[in-house]
Structures are given as structure tokens and as C-alpha cells.
């Protein structure tokens, strides 16, 4: 179950960097050179705030 392993890894990283799994996943996408303007979907103010928390920091390769 490949996707479960990926999801667990995202959750582990999120815990290490004190972010939510959503913020880690979005930040990872933001660091891809081919992506110049990601579209964040949100249907509530809370989701917008969480999405905003994915910018302004970078994941390292550690």
C-alpha cells in the first residue's frame, strides 16, 4: 500500500517541522521548479489559513 507509506511519511515530516500534513504536502509541491503557481483549494477560512501556512519556509533533504 504505497499511498499509506507516503501519507505516513508526510505526517512524520509534519510532526518534525511543527506543521500540518497539508502544509508539508503543499510546501513540497511549491518547491518543484516546474510548478510556478499552484492553485490551493479551500472552502473555509480555516482551510485558507492552513494553506497560507505552507509558504514562507522550505523543507530540507534531511
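General remarks:
- Qualifying positions in the range 40-60 - closer than 22 Å to residue 3 by Cβ and either in contact with a strand residue (DSSP E or B) (Cβ under 7 Å, 6 or more places away or on another chain) or surrounded by fewer than 10 Cβ atoms within 10 Å (Cβ to Cβ) (or both): 41
- Single unsatisfied condition, residue 28 versus (1) in a helix (DSSP H, G or I); (2) more than 19 Å from residue 7 (Cα to Cα): (2)
No value in this document is a laboratory result; all are computed from the given coordinates. The structure displayed is predicted, hence computed values, not measured ones. Counting neighbours? That spans all protein chains shown, and the Cβs are built from the backbone with ideal geometry, glycine included.
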